[in-house]
Amino acid sequence: MSIINKMLQELDRRQAPVGANGAAPPLYVRTVAPANERRLWFWGALVVLAVAAIAWGGWLAYQLSPRRIATDLAFKAADEARTRAPTPAPTPAVAAAVPPPGPAPAPAEAPSAPQIEMLRLAESIATPILESQPAAAPPAPAIKPPPPAKLPPSAKPVVALPEKPAPAKTLEKPRFERLERVGPPAERAENEFRSGAAVLKLGRSAEAEMHFAKALEFDSRHRGARQALIAMQIERGQLEAARKLLQEGLALDPAQPDFAIALARILVERKDLPGALAALEGSAPAAGEVPEFHVLRGTLLQRLGRHAEAAEAYQTALQARASIPQAWVGLGISLEALQRRPEAADAFRRALLAGPISIEVKTFAEQRIRALR
């Protein structure tokens with residue numbers, strides 16, 4: 001074992017680094033790699049950053065340097081345009097003041113020898129004649145212009161100002177007016193009705209009512225607009241306004257059973273049974289297939305004690321639709337008042353079989369059946 005330990009110690013001494021004095025360092029001391037590589041990386045990164053900063057500074061200086069707005073080509077083109085510009089033509093006043101250039105006068109020719117002799121002869125003849133003439137009259141004195149009038153010290157000289165040129169008239173821009181297409185009254189009424197229906201769906205009832213009223217102004221026979229207005233007024237409890245609209249609509253067209261029914265019910269609320277019956281009578285010819293119309297008419301006739309007519313009205317309603325319990329009950333009451341007891345009992349039995357019925361009406365029908373046996 002001692003030999004092996006010695007060999008291992010020898011190997012450790014060979015592999016361990018040698019200290020400054022030749023002795024082996026302690027076991028906890030380890031050598032580190034030299035720092036040359038790290039320093040190379042640091043200086044390389046620093047050089048790259050410096051080059052990038054210098055390049056950026058040069059680019060920024062180039063961008064901020066002053067430059068000429070116009071190039072040499074622009075100056076050259078401006079000079080050529082000035083040389084090609086035509087000279088302005090003179091105004092008419094200047095052209096009239098400057099006379100047109102005439103032909104240049106010809107140079108005077110030197111007189112010849114015979115001409116000189118003739119001039120001398122004429123002068124010798126004219127001299128004694130001029131001496132024999134009387135002396136000419138003295139020249140007239142020159143007329144001096146009057147002195148300028150002196151202005152009082154309070155007066156101020158009037159200076160004529162040059163007239164200002166009239167301002168040039170600017171061309172007015174053409175005006176375009178928007179012309180809306182106006183269709184026939186029926187078409188305009190239909191458009192207003194559709195607008196009212198659209199805003200009514202959005203819950204804007206006041207605006208919808210305005211559109212419906214406008215539609216009736218364009219076309220008083222527009223059924224949809226009138227019907228919508230009546231429904232809105234009845235819903236708000238404005239029965240008087242609804243009554244007027246219903247009466248106007250029936251006056252224009254009596255063949256509207258639904259309008260007649262609504263008007264009759266409003267009059268029934270006011271205890272005006274004859275008026276309600278009269279409102280129904282005008283639309284009776286057009287209400288052949290409207291059972292509600294005949295049921296309401298039979299009820300009014302029954303309340304007025306006209307049971308025979310009431311029974312006929314109920315029978316007309318049941319011919320249009322047999323499943324109306326109220327019509328069978330009303331028919332039984334009128335037949336009982338006419339002393340037609342078997343037929344009245346049969347009407348009450350049919351009322352129980354016609355369809356859904358309230359407890360009060362069912363109890364009343366059962367009582368009348370037992371009473372008519």
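Can you name the number of the only condition in (1) over 27 Å from Asp272 (Cα atoms); (2) among the aliphatic types (A, V, I, L, M); (3) open to solvent by 20 Å² or more (accessible area, probe 1.4 Å) that Ala365 fails? Condition not satisfied by Ala365: (3).
Which members of the stretch 359-368 meet the condition of being touching a residue at least 12 places away in the same chain (Cβ under 8 Å) and in contact with a Leu (Cβ under 8 Å, 6 or more places away or on another chain)? Outline the logic, then answer.
In the first step, residues of the stretch 359-368 are kept if they are touching a residue at least 12 places away in the same chain (Cβ under 8 Å); the result is 361, 364-366, 368.
Scanning the stretch 359-368 gives Ala365, Glu366.
Would you check which residues across the stretch 59-77 are among the small types (Gly, Ala, Ser), modelled with pLDDT of 65 or more and surrounded by 10 or more Cβ atoms within 10 Å (Cβ to Cβ) and list them? Result: Ala77, single match.
Taken over the stretch 206-232, the criterion of being among the hydrophobic types (A, V, I, L, M, F, W, C), open to solvent by 30 Å² or more (accessible area, probe 1.4 Å) and under 33 Å from the mean Cα position of the chain (by Cα) is satisfied by Ala206, Met210, Ala213, Phe218.
Quick one: which helices (runs of 4 or more DSSP H) sit completely within the stretch 233-350 and have at least 2 residues that are open to solvent by 60 Å² or more (accessible area, probe 1.4 Å) and acidic (Asp, Glu)?
On the way: elements: 239-252, 257-269, 273-281, 291-303, 307-320, 325-337.
Per the criteria, 239-252, 307-320.
The values are calculated or read from the model by the stated rules, or taken from the named source; none is laboratory data. Remember, it's a predicted structure, so these values are computed and weren't measured experimentally. Cβ sites come from the backbone with ideal geometry, for glycine too, and all protein chains shown count toward neighbours. For accessibility, only protein heavy atoms count, side chains too; no ligands or nucleic acids. Shrake-Rupley method; radii C 1.70, N 1.55, O 1.52, S 1.80 Å.
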